[in-house]
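Here is the structure we will look at, set down as structure tokens.
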Amino acid sequence: MASIFSTLSTYFAYPFVRYALIVGVLISLCSSLLGVTLVLKRFSFIGDGLSHVAFGGMAIASVFKLTNDMPLTLIVTVICAVLLLKGGQNAKIKGDAAIAMISVGALAIGYLLLNIFSPSGNLSGDVCSTLFGSTSILTLTRAEVYLCAILSVIVVAVFILLYNRIFAVTFDEDFASATGTNANLYNLIIAIIIAVIIVLAMNLVGSLLISALVIFPALSAMRLFKSFKSVTVCSAILSVICSLIGIIAAIILGTPVGSTIVAADIIAFALCYVLGVFLGGSGK
Amino acid sequence: MKKFIAIILAVFFIIPLVACNGKDEEKTEDNNSSSVSDSIDYDLSKLSTTMAYSQVVEMTNNSSKYLGKRVKITGTFIVEETPQRNYYSCLINDQTACCGVGFEFVLKDTSKSYPDDYPQSNGEITVEGIFNRYSEGENTYYELIDAVLL
Amino acid sequence: MAQLTCRNLTLGYDGKIVRENLNFEVNEGDYLCIIGENGSGKSTLMKTILGLKSPMSGTITYGDGLKEKEIGYLPQQTTIQKDFPASVYEIVLSGCLSKIGTKPFYSKKDKDMADYQINRLGLSALKKRCYRELSGGQQQRVLLARALCATEKMILLDEPVSGLDPKVADDMYNLIETLNKENGTTVIMISHDIKSALNYATHILHIGDDIFFGTKEEYLESKFANVFAGKDGEE
């Protein structure tokens, strides 16, 4: 066991490992908090959908040879998130169909643009690393870490301050509206926060695996806990632990970071499911 | 509360499982790379692919910090032959095998010529040399000079 | 001045008229049952009163101390809610949301109100229980407690006993009656259950090709009663 710690401390000497762990913790914290709301609103696949939109945004940014693709990507993703979520449960094109349309459309057009305008040499490499994240989390610059930290703090703060309203709007939008809460506004805020988190999370696990970060911790927590608050807290803790384990395991074993984190999430879900069955039987 | 503790314990069981695998891999690597290690500043050959890949990117992005340091790297041997000169590189692929990063190297022993004195193309090699940076036209390249093949 | 007055109300959505020329008023302490066949516009009316939809024309006036958003609402449950991981306490407390204004958290007063409603509706034993583990009747009581947290002046109930066993439905009706008679809470209820409606209501609003609004007694004497109440057998 001691040699594990000495190996880990050697690795921690590398700055990019420290950055990866910090960013990993922050992103998984943010995505798991919002994950509970999204899963309950039946928008589980929105992570996937919006991440494809973000991919499209990055493609456009490449075509225009923008050095920093984040602002454009963020704007495009936020707009689509708003379109998808603002309607709430009263949207004309319902959740899953809308997500599918926008998601697949963005992916196809993004890839098309990249092919036609082909700004960089290694096209499939760029696409691949965007989709799977590759080692992007381990190649962050200090500026990116700061940006991520600031955005995460804002997201967590907003979530805590608006917690009661987010709960009300998730559980019963009609009641909330009827009793004077501006449900549309809060749907909008949730949409914007999701978009921000997804653009950040693409660095961690890549587009294809983002949904896992959003869904698994929430579902795992719901197996075990009975109140919304405890589900949210448990979801956050699980998500952070799995990301830490995933990143460290990937570094030690040489596996892709994104997939390893998701594998950890899946194991945690299986454990929670089993625990839930045992404990649920006795402790009612 | 009990449930809470139960989860934390359960999840923490994953760490030893994973870590034990890591430990084995570490041991075997330690046995192989004994020799020249003392003066090496950055030994990437001991790191997992994920780490090595990331470290190469880090060195490329912040090259000033690493210039003049002795670096050891394990990867795939790639040759690019052009009329003016041949470029020899050691490439590390990322885990999804879709991207690769690495350094060129220039052997200290200038008497060696390709292909006879060089290893098999696309084979695995270990190279040790001094990290250097040069420009050709608009582009910057990174290489290990005074390199030795191990 | 009546608590709620609707004049020449035309309801609809997407340009389609569902019902027009609705006129009725509700005074404090009334118990109004809205009845009618499926598709007659009952739910649309309820949503319009609550401000969730705008009327296509006509006016809704709130008076006698009642503000538009001060109406408690017991909606029909969605499938999402039936499976929701939240404790009874959390759900009832969320009824107080409209009262905290711009503050992020509930005050002690709000929490006390939630406890009060929980106790009053006989839910104290279930306070920490998960909502999805409760029976249909218990869930409805939780939602009623939530509505009462929002306000005790007026509550709108959308088919509160649908899907409940007869005994449980009876308990629910008795509960609502107690609120109405002892508390003075104005009740507006949509129901398919004509017999119970006639049992408990003070006023009836019948929406259909012909519209009737009046007291229960007037209704029983009108032509509608023969068609509707007659179908159920004896009055």
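General observations
- Residue pairs exceeding 30 angstrom between C-alpha atoms, taken from C:LYS67/C:LYS181; A:LYS226/C:LYS153; C:LYS53/C:LYS82: A:LYS226/C:LYS153.
- Each distinct pair of alpha carbons in the protein assembly as shown adds a 1/r term; the inverse of their mean, the Kirkwood radius, is 29.0 Å.
- Ordering of B:125-137, A:176-188 by burial proxy (mean other Cβ atoms within 10 Å per residue, highest first): A:176-188, B:125-137
- Selected from C:GLY12, C:GLY65, C:GLY95 as most flexible by GNM, with chain C as the system and alpha-carbon contacts under 10 Å: C:GLY65
- In this structure, the amide hydrogen of A:LEU162, modeled 1.01 Å from its nitrogen in the peptide plane, lies closer than 5 angstrom to no residue at least 5 positions away or on a different chain.
- Only the Cβ atoms of Lys and Arg (+1) and of Asp and Glu (-1) were treated as charged; on that basis the dipole of the stretch B:42-149 about its Cα centre amounts to roughly 400 debye.
- Over the residues of chain A, the helix contribution to mean residue ellipticity at 222 nm works out to -27500 deg cm²/dmol, using -39500 (n - 2.57) for each DSSP H run of at least 4.
- Averaged over peptide C:79-88, the number of partner chain Cβ atoms lying within 10 Å of each residue's Cβ comes to 6.
- Here the average projected area of the convex hull drawn through the C-alpha atoms of chain A stands at 16.5 nm².
- Shape call, the stretch A:176-284: gyration tensor on alpha carbons, a/c limit 1.5: oblate
- Database note for chain A: Cys without another Cys beta carbon under 4.7 angstrom, A:CYS30, A:CYS80, A:CYS148, A:CYS234, A:CYS242, A:CYS272.
- Relative contact order of the stretch B:42-149, pairs being alpha-carbon contacts under 8 Å that are 6 or more residues apart, as %: 28 percent
- Legend: mean number of C-beta atoms from other chains within 10 angstrom of residue C-beta atoms, peptide C:129-135, equals 3.
- Over all projection directions, the Cα-based convex hull of the stretch B:42-149 averages an area of 7.0 nm².
- Of the DSSP H helices in chain A, those whose Cα atoms cover at least 24 Å axially and whose Kyte score averages -1.0 or more: A:15-40, A:46-63, A:95-117, A:142-161, A:183-205, A:228-253, A:257-282
- Averaged over the residues of peptide A:244-256, the number of Cβ atoms from other protein chains lying within 10 Å of each residue's Cβ is 6.
- Note on the protein assembly as shown: dipole from Cβ charges, positive end direction compared against B:VAL127, B:ILE92, C:ASN119; the farthest Cα belongs to C:ASN119.
- Highest mobility in the GNM of chain A, judged by mean-square fluctuation with C-alpha springs under 10 Å and restricted to A:PHE117, A:PHE225, A:PHE216, is found for A:PHE117.
- Each of the peptides B:48-59, A:74-85 was scored by the mean count of other Cβ atoms within 10 Å over its residues; in descending order, highest first, they stand as B:48-59, A:74-85.
- Computed [θ] at 222 nm, helices only, for chain C once each DSSP H run of length n ≥ 4 contributes -39500 (n - 2.57): -10500 deg cm²/dmol
- Each eigenvalue of the Cα gyration tensor of the stretch C:82-235, multiplied by 5 and square-rooted, gives one semi-axis; in descending order these are 33, 17, 13 Å.
- Spin-label pair C:LYS167/A:ARG42, simplified geometry with 7 Å Cα→Cβ offset, distance in nm: 3.4 nm
- Using θ = phi - 60° and Karplus 6.51 cos²θ - 1.76 cosθ + 1.60, couplings along the stretch C:152-161 (whole Hz; Gly, Pro as x): 9, 7, 8, 10, 10, 10, 9, 6, x, 10
- Considering only C:SER98, C:ASN183, C:HIS203, the residue lying farthest towards the positive end of the dipole of chain C is C:SER98, judged by Cα position with unit charges set on Cβ.
Computed from the coordinates by the stated procedures, all read-outs in this text should not be read as laboratory data. All values reported here derive from a predicted model rather than from experimental measurement. Ideal geometry is used to build each Cβ from the backbone, glycine not excepted, and the neighbour counts take in all protein chains shown.
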